[in-house]
Amino acid sequence: MPSTAIDPRPGTPLRVLVVEDSLFFRSQLVRLLQEGGDLTVVGEAGDGLEAISKAQSLRPDLVTMDIEMPVLDGIAAVREIMRVAPTSIMMLSALTRHGADATFAALEAGAVDFIPKQSLTGDGSAATARALRERLRQLVRGGMRLAQAPRPETSRVAEQHFADRSLLIIGASTGGPALVSELLADLAPTLPCAVLVVMHMPAGFTGYYAERMARKCRLEVAEAFDGAELAPGTVWIAPGGCQTIVRRGAKLELGVTGATTGDLYRPCIDLTIASAAQVCGNRTLAVIATGMGADGAVGCRGLRAAGGLIWAQDAASSAVFGMPAAVINAGLADAVVSASELGRRLQQGR
């Protein structure tokens, strides 16, 4: 779901509503948010019902939302806030199976992003606080603007979408889990290619996400592992905390290795697409969907040179129009498609 908040005027602090039932953690979070002066906490709530009331009365630019709370939980609160006072909502999630499943349910209910609570209770450094505040501002801004008009669809796109293509790569970040959930649920059972999903997620969450998708999808869905075969009709989720590449041994398969401390993205979409360009070339279709930053643009440049096909999600349906805009601005997109159009094409299986 695209972000509905409007970025405040330059220099105006971002107005945040903090929802958390633990007074201790809520105080920590308020301190982290306000110490830079570029954000201001306009309200606090200790349960979901209070969160809904304050979201309506305060109209914040963004809400940070806990999941496990008394009176009304975070998932129900997200659903109601998006109905009565829609705004950008960042979930605070526990790194557990239950926490991950609840987080994905909240994203499907309308939240735009999530962050593990553990990442906010570590060293409490100024760098951690700055990174959190910038991430929240990016959520409200919605990412980049277009530097040029989108390229019209080319004759290559007028062909059958998956004709002669052995691999579909979907790259996404912020806003991606909910979008990809919808796309995978609607995948045609006759899809004639393998699917690899690369999303910026913490280690552990991708396994839970794959299990959740396996219950919704008509195709086999699993978290990728080293040596996994890229066979038609299979869907692999690149594991968080690792790097995933496409390689060819006796068959087309995945290589999964641990990420290094210098890797900005784990998994990195650029790395995956670049490997596919070398191995599969023009038999690859890459879809760059909603996400913060520009991961995917460098890989798409190599894929385009190799004759691959590239689609980018449009601004209107992107939660954060960063990654797709980077691809479009570089002149690499063969087609700019809405989330609904992307779903329709995948549903048709061609």
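The values are calculated or read from the model by the stated rules, or taken from the named source; none is laboratory data. All values derive from a computational prediction rather than experimental measurement. Positions of Cβ are generated from backbone atoms using ideal geometry, with glycine treated the same way; all protein chains shown enter the neighbour counts. Just so you know, the surface numbers come from the protein's heavy atoms only, side chains and all, with ligands and any DNA or RNA stripped out. Shrake-Rupley method; radii C 1.70, N 1.55, O 1.52, S 1.80 Å.
So the values come out like this:
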item	result
Selection status of ASP263, surrounded by 24 or more Cβ atoms within 10 Å (Cβ to Cβ), in a loop (DSSP other than H, G, I, E, B) and within 20 Å of the chain's Cα centre (by Cα)	no
Matching residues, the stretch 26-42, being surrounded by fewer than 19 Cβ atoms within 10 Å (Cβ to Cβ) and in contact with a strand residue (DSSP E or B) (Cβ under 8 Å, 6 or more places away or on another chain)	VAL30, GLN34, ASP38, THR40, VAL42
Qualifying residue in the stretch 283-291 (condition: buried (at least 24 other Cβ atoms within 10 Å of the Cβ), touching a Leu at 6+ places or on another chain (Cβ under 7 Å) and in a loop (DSSP other than H, G, I, E, B))	yes
The stretch 269-295, residues that are of a type outside the set (D, E, K, R) and under 23 Å from ARG141 (Cα atoms)	ILE269, VAL287, ILE288, ALA289, THR290, GLY291, MET292, GLY293, ALA294
Residues located in the stretch 241-255, provided they are without any contact (Cβ under 8 Å) to a residue 40 or more places away in the chain and crowded, with 19+ Cβ neighbours inside 10 Å	CYS242, GLN243, ILE245, GLU253
Filter result (in contact with a strand residue (DSSP E or B) (Cβ under 6 Å, 6 or more places away or on another chain), part of a loop (DSSP other than H, G, I, E, B) and open to solvent by less than 40 Å² (accessible area, probe 1.4 Å)) within the stretch 293-319	GLY296, GLY308, ASP314
Qualifying position, being among the small types (Gly, Ala, Ser), touching a strand residue (DSSP E or B) at 6+ places or on another chain (Cβ under 9 Å) and assigned to a strand (DSSP E or B), among GLY240, GLY255	GLY255
Every residue from the stretch 176-218 that is hydroxyl-bearing (Ser, Thr, Tyr), open to solvent by 30 Å² or more (accessible area, probe 1.4 Å) and in contact with an Asp or Glu (Cβ under 9 Å, 6 or more places away or on another chain)	TYR208
Pairs, first closer than 13 Å to ALA286 by Cβ in the stretch 316-342, second open to solvent by 20 Å² or more (accessible area, probe 1.4 Å) and polar (S, T, N, Q), C-beta under 6 Å, six or more apart	ASP334/THR154
Qualifying positions in the stretch 125-155 - modelled with pLDDT under 55 and either more than 24 Å from ALA330 (Cβ to Cβ) or loosely packed, with under 14 Cβ neighbours inside 10 Å (or both)	ARG145, ALA147, GLN148, ALA149, PRO152, THR154, SER155
Helices (runs of 4 or more DSSP H) lying entirely in the stretch 45-120 (those with 1 or more residues that are touching a residue at least 60 places away in the same chain (Cβ under 8 Å), over 18 Å from VAL140 (Cα atoms) and in contact with a Phe, Trp or Tyr (Cβ under 8 Å, 6 or more places away or on another chain))	97-109
The stretch 187-224, residues that are assigned to a loop (DSSP other than H, G, I, E, B) and under 24 Å from GLY296 (Cα atoms)	LEU187, LEU191, PRO192, CYS193, HIS200, MET201, PRO202, ALA203, GLY204, ALA224
Failed condition for ALA276, given (1) within 18 Å of the chain's Cα centre (by Cα); (2) buried (at least 23 other Cβ atoms within 10 Å of the Cβ); (3) assigned to a helix (DSSP H, G or I); (4) not acidic (Asp, Glu)	(1)
Among (1) at pLDDT below 95; (2) farther than 25 Å from GLY322 by Cβ; (3) surrounded by 23 or more Cβ atoms within 10 Å (Cβ to Cβ), the one test that PRO232 misses	(3)
Hits in the stretch 241-255 (condition: under 20 Å from the mean Cα position of the chain (by Cα) and modelled with pLDDT of 95 or more)	CYS242, GLN243, THR244, ILE245
